[in-house]
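The values are calculated or read from the model by the stated rules, or taken from the named source; none is laboratory data. These numbers were taken from a predicted model, which means no experiment stands behind them. With ideal geometry, Cβ positions are generated from the backbone for all residues, glycine too; neighbour counts draw on all protein chains shown.
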2 protein chains.
Amino acid sequence: MKSGIILSLFLITSCLAAFGQEAQPRKVKKQDAAVAEKGLVKVSIMYPFAEGKTFDMEYYETKHMPMVAKYLGSNLVRYTIEKGLASGIPNQPLPYMAIGTFYVKNLNEYQSAIAPNRDAIRADFVNYTNITPVILVSEVVR
Amino acid sequence: MKSGIILSLFLITSCLAAFGQEAQPRKVKKQDAAVAEKGLVKVSIMYPFAEGKTFDMEYYETKHMPMVAKYLGSNLVRYTIEKGLASGIPNQPLPYMAIGTFYVKNLNEYQSAIAPNRDAIRADFVNYTNITPVILVSEVVR
């Protein structure tokens, strides 16, 4: 009986010690994404605003971007979409109607994935916009 | 003795059950950051490239952006910095030397935080660049 109690106490203590260590809630740190992105290559497709220009965000989000993302495969870490609201400088026009970005691990792989599909990508433009985009390749610093 | 063994077995089982549940590794999903950002307001400060223009990335990263981030307080979810490398379109010049962005929960709060510090922010520009930035306010779609 006594040895049973001692054994029980030992087990409780061991389990709590192990359990206590595992049960740290993993706080998602604010900068998790930023830390994970430093050093990645970012390709930004930026659609300038101008009178008479149009942009179909729904098509862009549900059709065009997923199509391109599929071409990019595992080289793609994530992609983003933003909708332009206003200039941050008073009395200046909206700079961009929309921007889509791709975070990739390797620029050459990105280019190799796009090249054979360039015609299909360009042909799809007409389904959502009459804007010719500006394209920026950049390095994620933070 | 027998009841001690039964108790021990019960404790082992309970602890393993509890322990087993907690010990699921929390996989950081690729799109965690994106899911967390949808609906946020994004302010992008974009520094256009042009002949004769300069940009000190080290000062920007270590001094200027942290200074502005501090003004923004808890309304700021995260900020990013990227260094322009090239246009993604052949034979086009680099569009931007650098872009800094702030993801905030509330645009009014952002503006209220910046307003009293606008002079200090502008005065700091000369420490890292002679470029007048374009500023875009956008909504995070994805």
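Here are some notes:
- Hey, A:Tyr47 in a strand (DSSP E or B), touching a residue at least 60 places away in the same chain (Cβ under 8 Å) and more than 16 Å from A:Val134 (Cα to Cα) or not: no
- In the stretch A:88-132, residue surrounded by the most Cβ atoms within 10 Å (Cβ to Cβ) [restricted to those that are more than 11 Å from chain B (Cβ to nearest Cβ) and of a type in the set (S, T, N, Q)]: A:Thr129
- Any hit, the stretch A:54-67, residues being without any contact (Cβ under 8 Å) to a residue 24 or more places away in the chain, exposed (fewer than 14 other Cβ atoms within 10 Å of the Cβ) and within 24 Å of A:Ser112 (Cβ to Cβ): yes
For (1) under 15 Å from the mean Cα position of the chain (by Cα); (2) farther than 30 Å from B:Asn106 by Cα, each residue gets a yes or a no:
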| site | (1), (2) |
| --- | --- |
| A:Tyr47 | no, no |
| A:Phe55 | no, no |
| A:Glu58 | no, no |
| A:Asn75 | yes, yes |
| A:Ile81 | yes, no |
| A:Ile89 | no, no |
| A:Thr101 | yes, no |
| A:Asp119 | no, yes |
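- Every pair of residues 6+ apart whose Cβ atoms lie under 9 Å, when the first sits in the stretch A:126-142 and is within 22 Å of A:Tyr103 (Cβ to Cβ) while the second is at pLDDT below 95 and hydrophobic (A, V, I, L, M, F, W, C): A:Val140/A:Ala34; A:Arg142/A:Ala34; A:Arg142/A:Val35
- Filter result for the condition that a residue is touching a Gly at 6+ places or on another chain (Cβ under 7 Å), assigned to a helix (DSSP H, G or I) and at pLDDT 95 or above, over B:Met97, B:Met65: B:Met65
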